[in-house]
Amino acid sequence: MTGEDLIPKQLKWKNEAEAMKSIKEYGKTLAKSIEKACKAKGVQKIDKAFMQKGDLVVYKEESELVGISDGVKVLTPTDDMVVAKQNVDIISVWRIPNG
């Protein structure tokens, strides 16, 4: 979207075990790791009431998960496909500034 990789080198992995270890070492939780990475790259935190299409969303179910807003729902990957979830417990919303 920006032509720049927003994911820090510390948050690279090849499997779930490596992902969990990287996230814990980088920011303790997924939400804190996303916040740290977004702040480092100048990505703006947005009040969830103003979420719009294209925003990065951190939400909570059994654990913290990440998706992209379609303006109403959160598009998030599953093992088989991408699903649109509605009425999720949103922790934070991040927006890449235009221009």
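Would you please name the residue that is surrounded by the fewest Cβ atoms within 10 Å (Cβ to Cβ), looking only at residues in the stretch 16-42 that are assigned to a loop (DSSP other than H, G, I, E, B) and at pLDDT 90 or above?
Looking at residues that are assigned to a loop (DSSP other than H, G, I, E, B) and at pLDDT 90 or above, I get 28.
If we keep just the residues of the stretch 59-78 that are outside any strand (DSSP E or B) and of a type in the set (Ser, Thr, Tyr), which is nearest to residue 43 (Cα to Cα)?
The extreme case among them is 63.
What's the total number of residues in the stretch 79-93 that are assigned to a loop (DSSP other than H, G, I, E, B) and either touching a residue at least 40 places away in the same chain (Cβ under 8 Å) or within 13 Å of residue 61 (Cα to Cα) (or both)? Show your work before the answer.
Just the residues of the stretch 79-93 that are assigned to a loop (DSSP other than H, G, I, E, B), to begin with: 79-81, 86-88.
From what is left, the residues that are either touching a residue at least 40 places away in the same chain (Cβ under 8 Å) or within 13 Å of residue 61 (Cα to Cα) (or both) are 86-88.
Selection size over the stretch 79-93: 3.
Filter the stretch 36-63 down to the residues that are without any contact (Cβ under 8 Å) to a residue 40 or more places away in the chain and under 18 Å from residue 24 (Cα atoms) and list them by number.
Those that are without any contact (Cβ under 8 Å) to a residue 40 or more places away in the chain and under 18 Å from residue 24 (Cα atoms): 36, 37, 39, 40, 58, 59, 60, 62, 63.
Out of the stretch 1-15, which residues are part of a helix (DSSP H, G or I) and surrounded by 10 or more Cβ atoms within 10 Å (Cβ to Cβ)?
Result: 10, 11.
The values are calculated or read from the model by the stated rules, or taken from the named source; none is laboratory data. Fair warning: this is a prediction, and the values are worked out from it, not measured in the lab. Counting neighbours? That spans all protein chains shown, and the Cβs are built from the backbone with ideal geometry, glycine included.
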